[in-house]
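Asks: Pasting a structure here, questions to come.
Just so it is clear, none of the values below were taken in a lab; they were calculated from the coordinates. Just so you know, these numbers come straight off a predicted model, no measurement behind them. Methodologically, a virtual Cβ is constructed for each residue, glycine included, from the backbone with ideal geometry; neighbour enumeration extends over all protein chains shown.
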Ligand SMILES: Cc1cc2nc3c(=O)[nH]c(=O)nc-3n(C[C@H](O)[C@H](O)[C@H](O)COP(=O)(O)OP(=O)(O)OC[C@H]3O[C@@H](n4cnc5c(N)ncnc54)[C@H](O)[C@@H]3O)c2cc1C
């Protein structure tokens with residue numbers, strides 16, 4: 001079987017990895033470099049965590065996600081998980097910080113509920129006046145995306161996969177298995193995997209009714225000098241509480257302190273609106289600041305735009321069209337499942353069980 005994988009984000013790279021390990025002749029096409037900073041997987045890092053609120057199916061799949069990463073670390077010879085654990089901050093009763101803590105409790109996952117006064121002692125960047133409760137989970141941390149992509153691309157090339165960077169696929173014939181590059185080169189494959197992230201709908205316009213690309217941005221900040229050590233030792237913050245829909249990655253492995261929020265996003269085609277406006281850093285901080293003390297003393301060092309794609313209910317998506325399998329480990333929470341998604345997609349190509357892939361990816365059980 002000859003397989004083309006379109007997209008060198010975490011879903012495409014991991015699928016190519018799992019296919020190559022299984023001895024399948026694989027060609028990976030990526031329109032930019034690997035890692036591609038314009039793709040959702042091209043940022044410095046992403047959070048892996050066990051806590052989910054209402055999407056319990058994903059919480060139940062995290063053990064498999066960890067197993068798949070461990071298998072990948074063995075292959076590439078490096079572990080790119082910074083296992084800092086994570087915090088959930090609650091500002092109001094019933095907010096996402098509390099809902100996620102409940103999800104951990106319901107599933108019997110390890111966690112410690114820390115009263116506000118003790119939390120502020122341990123994590124002095126928190127705002128004593130606003131924080132109501134903090135939950136610490138020892139499992140979880142930051143996946144270093146750019147190192148993962150670089151090492152996966154090297155592993156793929158060394159193990160017989162053809163990796164074609166800077167090669168955009170312009171058209172796909174799902175029935176014949178032919179793909180045409182933007183430069184006009186045509187090649188034929190037995191199967192095609194489309195893992196094009198926020199660009200999926202330009203390759204498969206039929207998906208426009210179920211997938212919508214969005215644009216967001218993240219802000220890198222320099223904390224006040226006396227809080228630098230506390231941040232450097234901090235777990236990742238999965239939820240900043242209240243209505244903020246925010247998260248924070250502490251400075252790890254040479255990458256700065258990063259703030260992001262699902263409140264700062266709008267619908268946009270992935271190649272549009274990629275320039276950052278001067279006020280965006282302040283807008284991001286505005287959503288997240290209630291949980292943190294002395295936010296006026298932080299300095300914005302960089303703001304970066306990001307493109308991702310959503311289904312209506314934020315569950316991932318897979319579809320079969322002729323010889324093509326489309327996979328979208330989409331929205332703001334798909335990276336952590338990348339290695340596991342890759343193994344699952346590869347398995348479906350090899351054993352032909354599309355229904356099993358759909359069940360796993362959609363995670364409704
Ligand atoms: C700001 C932000 C924060 C997030 N935080 C988290 C988090 O903490 N934890 C988590 O688990 N997830 C998180 N996510 C989600 C996660 O980043 C995505 O779910 C995941 O990276 C998607 O990977 P992908 O491979 O499907 O898509 P992408 O990474 O976007 O990869 C798609 C690739 O396909 C390439 N491509 C597109 N079209 C073509 C073509 N025609 N020909 C060739 N190549 C093509 C693109 O260049 C791109 O590199 C976050 C997302 C964002 C934007």
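Asks: What number, in percent, do you get for the relative contact order of the chain if the mean sequence gap of Cα pairs under 8 Å and at least 6 apart is divided by its residue count?
Replies: 25
Asks: Rounded to the nearest 500 deg cm²/dmol, what is the calculated helix-only ellipticity per residue at 222 nm for the chain, with -39500 (n - 2.57) per DSSP H run of length n ≥ 4?
Replies: Calculated from helices alone, the mean residue ellipticity at 222 nm is -8500 deg cm²/dmol.
Asks: For residue 243 and residue 185 in the same chain, what is the full-extension length gain: residue separation times 0.36 nm, less their Cα-Cα distance, in nm?
Replies: Result for the pair: 15.9 nm of gain on full extension.
Asks: Using the scaling law 2.2 N^0.38 Å as the reference, what is the normalised Cα Rg of the range 256-365?
Replies: With N residues counted in the range 256-365, Rg over 2.2 N^0.38 Å equals 1.40.
Asks: Still on this structure: From the square roots a ≥ b ≥ c of the eigenvalues of the alpha-carbon gyration tensor of the range 166-206, which class results: rounded (a/c under 1.5), prolate (a/b over b/c), or oblate?
Replies: Oblate is the answer for the range 166-206, as a/c is 1.5 or above yet b/c matches or exceeds a/b.
Asks: For the range 202-317, what D do you get in µm² per second when you plug the Kirkwood radius from alpha-carbon pairs into Stokes-Einstein at 4 °C and 1.567 mPa s?
Replies: 84
Asks: Rg(Cα) of the range 1-107 divided by 2.2 N^0.38 Å?
Replies: That works out to 1.33 for the range 1-107.
Asks: What translational D, rounded to a whole number of µm²/s, comes out for the chain from Stokes-Einstein when the hydrodynamic radius is the Kirkwood one over Cα pairs, at 10 °C and 1.306 mPa s?
Replies: Answer from the Stokes-Einstein relation: 76 µm²/s.
Asks: Still on this structure, I have one more. Where in the range 285-319 does the label zone of residue 206 land, with the point 7 angstrom along Cα→C-beta and an amide N cut-off under 14 Å?
Replies: Answer for the range 285-319: 318-319.
Asks: Another question about this same structure. In vacuum, with every alpha carbon of the range 114-265 counted as one equal point scatterer, what does the Debye formula give for log10 I(q)/I(0) at q = 0.16, 0.17, 0.20 Å⁻¹? Two decimals, please.
Replies: Each listed q corresponds, in turn, to -1.02, -1.09, -1.30.
Asks: Using alpha carbons only, how many degrees (0 to 90, rounded to 10) separate the axis of helix 10-21 from the longest principal axis of the chain?
Replies: For helix 10-21, the angle is close to 50 degrees.
Asks: Sticking with this structure for a sec: Let a ≥ b ≥ c be the square roots of the eigenvalues of the Cα gyration tensor of the range 202-253; is it rounded (a/c under 1.5), or, if not, prolate (a/b larger than b/c) or oblate?
Replies: Cα axes put the range 202-253 in the prolate bin.
Asks: Still on this structure: At 0.36 nm per residue, and after removing the present C-alpha to C-alpha distance, how many nm does the segment from residue 311 to residue 275 gain when stretched out fully?
Replies: 10.5 nm
Asks: How big is the gap, in Å, between the Cα center of the range 75-127 and the Cα center of the range 257-275?
Replies: Here the answer is 25 Å between Cα centres.
Asks: Against the longest alpha carbon principal axis of the chain, how many degrees, from 0 to 90 and to the nearest 10, is the axis of helix 145-158 turned?
Replies: So the inclination is approximately 30 degrees.
Asks: Which distance in Å, rounded to a whole number, links the C-alpha centroids of the range 1-18 and the range 277-326?
Replies: Going from one Cα centre to the other spans 24 Å.
Asks: With axes computed from alpha carbons, what is the tilt in degrees of helix 338-351 against the longest principal axis of the chain, rounded to the nearest 10 within 0 to 90?
Replies: 30
Asks: Let me ask something else about it. Sequence gap at least 6, Cα distance under 8 Å: using those rules, report the relative contact order of the range 220-276 to the nearest whole percent.
Replies: 29
Asks: While we're on this one: Based on the alpha-carbon gyration tensor of the range 42-96 and its eigenvalue square roots a ≥ b ≥ c, which shape applies: rounded if a/c is under 1.5, prolate if not and a/b is larger than b/c, or oblate?
Replies: Prolate, since a/c reaches 1.5 and a/b exceeds b/c.
Asks: Using 0.36 nm per residue, how much length does the chain from residue 353 to residue 302 gain when fully extended, once their Cα-Cα distance is taken away?
Replies: Taking residue 353 through residue 302 to full extension adds about 13.9 nm, to one decimal.
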